[in-house]
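Trainee: Supplied in C-alpha cells, the structure appears directly below.
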Amino acid sequence: MKRLLLLVPLALTCLAQATMEKDIVYGQSQGVDLKLDLVRPEGAGPFPAVICIHGGAWQSGSKSGYAAILPMLASNGYVAASIEYRFAPQYKFPAQIEDVRRAVEFLKSHAAEYKIDPKRIAALGDSAGGHLALLLGLQDTPSRVHAVVNLSGPSDIARWKADPEGEKAIQMTSDELLSRVFGTSDRTSAVLRAASPISLIGKTGAAVLTFHGDSDTVVKLEQSEWLHKALAGAGIAEKLVVIKGAGHGFRPEDIASISQTTIAFLASQLKQAPGGLPATEAVVGRYFEALGGISALQKVQSRVLNGTFEVPTFGASGKFSEFAKTPGKVIQKFDVVNYGVVQRCVDGKTAWAESPESGVEDLSGIRAAEVRRTNGILWPSIVGTLYSKLTVTGRAKAGDRDSIVIEAVGASGIADKLLFDAETGLLVRLESKETAGNGEVTPFTMSYEDYRAVDGVKVPHVIRYESAAMTWIIRLQSVVHGAAVDDAKFLKPGA
C-alpha cells in the first residue's frame with residue numbers, strides 16, 4: 001500500500017507565514033523515539049489541527065511524505081503535523097495505532113504551546129495511514145479525532161484482499177502481508193476484527209470523507225463502499241468520493257478536486273464563523289462542488305453563450321452573446337434592436353467597453369474589475385485574483401430561499417455581497433455597485449436562476465439585473481463548452 005498521492009490543497013486565502021518545527025519527539029516506545037514535524041500559522045490561535053499519517057503497508061514510509069502539504073494546511077488556518085510510527089514486522093499491530101494515538105495525546109497535552117484547540121482535531125491519511133486515521137475517528141478513546149479524511153485506506157481488514165495485480169505492487173500475497181503486520185492471516189480472528197475500523201462503528205464517531213479510485217487493485221473500492229454504507233446506517237456524517245479511473249493513488253488531474261473538497265470538508269467540521277455560521281472555505285468549496293467540482297470546471301477552457309435579453313424598463317430587447325476563454329478573457333455583446341451593439345470586454349490584461357452613444361473607452365481600476373467579475377466561466381480561477389478577502393457575515397433571504405452571505409473585497413476597491421443558497425450551495429445573488437464613466441456609482445443586484453448542467457458543469461440560464469434605474473434579463477438558449485474562440489474576438493475596435 002505504497003503512498004502514491006501528492007495532496008496539495010487549493011488555498012482559498014493568501015498564503016500566510018507559518019512556523020515549522022521538525023523532529024519533535026512526541027513519545028518513546030521500546031527505546032524508539034517517535035517524532036513528528038509540525039507547521040502552525042502565525043497568530044494567537046488557538047487553531048484547529050490536522051494530523052497527517054503516511055501510508056506504506058504499515059511497514060515503510062516517512063513523515064516527510066507530507067512535507068509539501070503541511071504548509072498548505074497551515075495557510076488555510078490549521079496546525080498541521082506529520083507523524084512517524086513504528087513499522088511491522090518488527091513491531092506488529094497494534095503498535096502502529098498505539099503510536100498514532102500517542103501523537104494525538106501529545107498534541108492535546110501541548111495544545112497551549114502549539115496554539116491548538118484540542119477540541120478541533122482531524123486526521124488525514126493515505127492507504128495504511130487512512131486505515132489508522134479511521135481508527136482514530138471511530139475508536140471510543142480519549143484520542144478520538146473529530147474528522148477523518150481517508151485516502152484509499154482499508155476499512156475491513158478481515159475481508160481485505162488485493163487483486164493479483166495489487167499483490168504484485170505490494171510484492172507479496174495478501175495473507176503474507178496480514179501475517180507480517182497483524183501476526184495472523186486468519187480472517188476469523190479477533191485480532192483482524194479489532195483492527196477493522198468498520199467493526200468499531202457505533203452511534204457516535206468522527207465525520208468521514210473518503211476518496212477512492214474505482215480501479216484500485218491494492219485496496220479495492222468495495223472497502224470504502226462497505227464503510228460508508230455502515231456509517232450512513234449509524235447516522236454518522238460521511239461522504240464517499242469515487243475517482244473514476246484512479247488506482248491506488250491519484251493522478252495529477254485528480255488533485256485539485258480532491259484538495260478543494262478536503263479543505264471544504266475540514267472547514268465544515270473544524271471551523272465555524274461567529275454566530276454558528278459555516279466557515280468561508282466550506283461555503284466556497286461547496287459552491288465549486290455544486291457547480292460540478294473543480295475537475296469538471298478546469299476542463300472548461302472556453303465557453304460560448306447565446307441567448308436573448310430584454311429591458312422591460314425601456315421596452316428594449318435583442319440578442320445576447322458571450323465568448324470566454326482562459327486565462328480570464330471574456331467579451332459580452334448586447335445587440336439592441338433599433339439602437340446598436342453594446343459590448344464590454346477584458347482580454348486578460350486590459351478592459352474596454354463600446355456603445356453607440358459613448359463609442360470605445362478604456363476601463364481601468366474598479367471599472368475593469370467589474371467587467372472581470374462578469375466572467376463566470378472560471379470562478380475558481382478568478383476568485384483568488386478578483387477578491388483578496390472573503391468573509392462569511394450572516395444569513396439572508398434571496399427571494400424565498402435561505403442563503404449564506406459572503407462579503408468579498410478586492411484590492412481594486414470592488415466590494416460585493418455573494419449570496420449562496422443554503423440548500424444547494426449555488427450562487428443565487430450578487431449585491432454590489434457599478435461605476436459609470438463619470439464616476440457615478442449605482443447599487444444593483446444580479447440574480448442567477450435556472451441552473452442546468454452542461455457537460456457536467458451547472459450554468460445559470462436566467463440572469464436578472466436590477467437597479468433603481470432599470471431591470472434587464474438574459475435568457476440563455478445555448479451553452480457550448482470547448483468551442484474554438486479566436487483571440488481576435490477580444491481586440492478593442494480600431495486596435
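Trainee: Out of curiosity, is Leu124 over 25 Å from Val181 (Cβ atoms) and not aromatic (Phe, Trp, Tyr)?
Mentor: No; evaluated as a whole, the condition is false for this residue.
Trainee: Residue pairs, Cβ under 9 Å, 6 or more apart or interchain, first in region 404-418 and in contact (Cβ under 8 Å) with a residue 40 or more places away in the chain, second part of a loop (DSSP other than H, G, I, E, B) and acidic (Asp, Glu). List them.
Mentor: none
Trainee: Can you tell me which residue within region 174-193, out of those that are in a helix (DSSP H, G or I) and touching a residue at least 40 places away in the same chain (Cβ under 8 Å), is nearest to Gly247 (Cα to Cα)?
Mentor: Initially, region 174-193 is screened for residues in a helix (DSSP H, G or I), giving 174-182, 190-193.
From the residues that got through so far, the ones that are touching a residue at least 40 places away in the same chain (Cβ under 8 Å) too are 177, 180-182, 191.
Details: Leu177: 19, Arg180: 24, Val181: 23, Phe182: 25, Val191: 28 Å.
Among residues in region 174-193 that are in a helix (DSSP H, G or I) and touching a residue at least 40 places away in the same chain (Cβ under 8 Å), the one nearest to Gly247 (Cα to Cα) is Leu177.
Trainee: Hey, can you tell me all the residues within region 202-243 that are farther than 18 Å from Lys161 by Cα and among the aromatic types (Phe, Trp, Tyr)?
Mentor: Passing the criteria: only Phe211.
Trainee: Additional query: Sort out which residues of region 163-203 are within 25 Å of Gly233 (Cβ to Cβ), within 37 Å of the chain's Cα centre (by Cα) and among the small types (Gly, Ala, Ser), and write them in order of number.
Mentor: Ala194, Ala195, Ser196, Ser199, Gly202
Trainee: With Ile474, Ile463 as the choices, which residue is free of Cβ contacts under 8 Å to residues at least 40 places away in the same chain, under 26 Å from Ala290 (Cα atoms) and β-branched (Val, Ile, Thr)?
Mentor: One residue alone meets the criteria, Ile463.
Trainee: Residues of region 2-49 being modelled with pLDDT under 85, buried (at least 17 other Cβ atoms within 10 Å of the Cβ) and either of a type in the set (Gly, Ala, Ser) or over 30 Å from Pro252 (Cβ atoms) (or both), which ones? Explain how you work it out, then say what you get.
Mentor: Restricting attention to region 2-49, the residues satisfying the condition of being modelled with pLDDT under 85 are 2-19.
From what's left, buried (at least 17 other Cβ atoms within 10 Å of the Cβ): 2-5, 7, 9-12, 18.
Ala11, Ala18 - these are the residues of region 2-49 that are modelled with pLDDT under 85, buried (at least 17 other Cβ atoms within 10 Å of the Cβ) and either of a type in the set (Gly, Ala, Ser) or over 30 Å from Pro252 (Cβ atoms) (or both).
Trainee: Out of all the residues in region 446-480, which are under 26 Å from the mean Cα position of the chain (by Cα) and not in a strand (DSSP E or B)?
Mentor: Result: Asp455, Gly456.
Trainee: From the residues in region 448-477 that are out of contact with any Phe, Trp or Tyr (no Cβ under 8 Å at 6 or more places or on another chain) and among the hydroxyl-bearing types (Ser, Thr, Tyr), which one is surrounded by the most Cβ atoms within 10 Å (Cβ to Cβ)?
Mentor: Result: Tyr448.
Trainee: Now, a different point. Report yes if some residue within region 167-179 is under 17 Å from Lys92 (Cα atoms), surrounded by fewer than 20 Cβ atoms within 10 Å (Cβ to Cβ) and among the polar types (S, T, N, Q); otherwise report no.
Mentor: yes
The values are calculated or read from the model by the stated rules, or taken from the named source; none is laboratory data. Predicted, not measured: the structure shown is a model, and the values here were computed from it. As a convention, Cβ positions derive from the backbone with ideal geometry for all residues, glycine included, and neighbour counts pool all protein chains shown.
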